[in-house]
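One structure is given below, encoded as structure tokens.
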Amino acid sequence: MEVSYGLPPGAVIVSAVGRVDEASWEEFGSHVARGIEIASNEGRDTVVIDLSHIDYMSSRGLRALTMAKQEGIAAGVSVRLAAPNDVMREILAISRYDRLFPVDDALPARDGSEA
């Protein structure tokens with residue numbers, strides 16, 4: 001799984017590419033936890049999980065999101081989802097995770113506005 005981190009003002013963006021399933025959910029969760037750690041250490045109040053290049057997410061991937069939300073609460077960092085593609089938008093709706101997390105249509109831009 002390819003993962004990168006972006007640092008717009010006040011936030012950390014965690015961008016992953018591929019599938020989050022039984023083979024990759026732990027790695028995905030570790031990267032998101034690292035994003036929360038970076039945000040907490042640098043005084044950033046938000047982690048944005050970029051869903052634009054996630055092809056599929058299983059129930060294990062959704063569990064990783066739930067764990068991230070709990071880790072974020074413990075660290076004082078808000079966890080948001082952003083830029084879901086059509087597949088991810090449907091998965092979030094079916095699982096009702098679109099009600100559990102704030103979901104933004106776009107990623108924040110480098111200047112803090114939405115891209």
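Just a few scattered comments:
- Test result for Pro9, exposed (fewer than 15 other Cβ atoms within 10 Å of the Cβ), in contact with a Gly (Cβ under 7 Å, 6 or more places away or on another chain) and not hydrophobic (A, V, I, L, M, F, W, C): yes
- Options Ser15, Ser24, Ser40; residue that is small (Gly, Ala, Ser) and out of contact with any helix residue (DSSP H, G or I) (no Cβ under 9 Å at 6 or more places or on another chain): Ser15
- Scope the stretch 23-32; condition within 20 Å of Asp98 (Cα to Cα) and either within 10 Å of the chain's Cα centre (by Cα) or small (Gly, Ala, Ser) (or both); matching residues: Phe28, Gly29, Val32
Every number here is computed from the coordinates shown, using simple stated rules; none is lab data. Predicted, not measured: the structure shown is a model, and the values here were computed from it. Methodologically, a virtual Cβ is constructed for each residue, glycine included, from the backbone with ideal geometry; neighbour enumeration extends over all protein chains shown.
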